[in-house]
Amino acid sequence: MRPDRRGFVQGSLLGPIGLMLAGALAPHAAALEHATAMEKEKAMTDLPPPPGNDPSQGQMLANLRRANAVAGRALEAGHHPFGAVLVAADHTSVLLEQGNLDVVNHAESTLARLAAEKFSAEELWGMTLYTTAEPCAMCAGTQYWANIGRLVYGISEARLLELTGSSDKNPTMDVPCRYIFEHSQKGIRVWGPFAEVEEEIVALHRDFWS
Ligand SMILES: [Zn+2]
């Protein structure tokens with residue numbers, strides 16, 4: 001059975017329980033504010049996870065640095081300094097790279113749309129999307145519909161909001177991507193933010209938005 005159909009079947013049974021869970025999530029999320037990336041991931045949904053092993057922390061950091069190199073090239077090409085990569089189930093083979101294009105074609109949503117054309121939903125469920133900054137609601141939604149099973153991000157959207165401030169070039173939202181996935185019907189796994197790569201990611205943003 002396809003993972004997205006499996007998720008749909010489960011979700012259709014939730015009903016009032018789902019509503020109770022949704023109500024319980026808000027204080028739960030607040031308690032996780034200072035948890036590490038690994039602790040936060042463990043607290044996610046009980047829905048079936050993607051198959052295979054999760055990436056190691058070393059693999060996550062290496063692939064985040066690869067995404068940040070893509071962000072650097074996007075910046076050099078005149079775009080906003082965001083980058084994303086799609087990594088195979090072996091957690092080392094980079095299948096797609098995508099930088100920011102414009103305000104409606106973000107790195108992650110563009111990558112997810114391309115990935116959905118190139119790979120099957122079953123293949124994508126075992127893959128991981130890496131992105132320098134936590135995906136916005138649009139990008140998290142596109143990852144969800146593309147059926148990419150794992151997400152690793154470098155800096156939080158709240159941290160990005162501190163950097164972009166009121167810049168009309170990027171009026172950053174403040175909607176944690178976990179909020180999107182916790183209100184979904186798939187057990188997408190999420191890791192981030194990572195303090196180990198914060199400084200190198202922020203370096204591309206610090207002077208860009210002022
Ligand atoms: Zn986005």
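The values are calculated or read from the model by the stated rules, or taken from the named source; none is laboratory data. Source: prediction; values computed, not measured. In this analysis, Cβ positions are derived from the backbone assuming ideal geometry, glycine residues included, and neighbour counts consider all displayed protein chains.
At-a-glance table
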read-out: Selection within segment 83-96 - near the ligand (Cβ under 10 Å from one of its atoms) and of a type in the set (Ser, Thr, Tyr); value: none
read-out: Residue check for Gly141: within 10 Å of the chain's Cα centre (by Cα) and surrounded by fewer than 20 Cβ atoms within 10 Å (Cβ to Cβ); value: yes
read-out: Test: Thr172 is closer than 18 Å to Pro55 by Cα and among the hydroxyl-bearing types (Ser, Thr, Tyr); value: no
read-out: Tabulated pairs, segment 70-83, first assigned to a helix (DSSP H, G or I), second buried (at least 17 other Cβ atoms within 10 Å of the Cβ) and among the acidic types (Asp, Glu), C-beta under 6 angstrom, 6+ apart or interchain; value: Val70/Glu97
read-out: Within segment 102-133, considering residues that are more than 9 Å from the ligand (Cβ to nearest atom) and of a type in the set (Gly, Ala, Ser), the one farthest from the chain's Cα centre (by Cα); value: Ser120
read-out: Residue among Gly149, Gly99, Gly141 that is away from the ligand (no atom under 14 Å from the Cβ) and in contact (Cβ under 8 Å) with a residue 12 or more places away in the chain; value: Gly149
read-out: Of residues in segment 113-133 being assigned to a strand (DSSP E or B) and touching a Leu at 6+ places or on another chain (Cβ under 6 Å), the one farthest from Lys186 (Cα to Cα); value: Ala133
read-out: Any hit, segment 194-205, residues being at pLDDT 95 or above, buried (at least 20 other Cβ atoms within 10 Å of the Cβ) and of a type in the set (D, E, K, R); value: no
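Condition check ((1) in contact (Cβ under 8 Å) with a residue 60 or more places away in the chain; (2) of a type in the set (Asp, Glu); (3) surrounded by 17 or more Cβ atoms within 10 Å (Cβ to Cβ)) across all residues:
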position: Met38; (1), (2), (3): yes, no, no
position: Glu41; (1), (2), (3): yes, yes, yes
position: Met60; (1), (2), (3): yes, no, yes
position: His91; (1), (2), (3): no, no, yes
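To keep it simple, each residue is scored yes or no on (1) closer than 19 Å to Val70 by Cβ; (2) within 14 Å of the ligand (Cβ to nearest atom); (3) assigned to a helix (DSSP H, G or I); (4) not β-branched (Val, Ile, Thr).
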residue	(1), (2), (3), (4)
Pro135	yes, yes, no, yes
Trp145	no, yes, yes, yes
Leu163	yes, no, yes, yes
Asn170	yes, yes, no, yes
Phe181	no, no, yes, yes
Gly187	no, no, no, yes
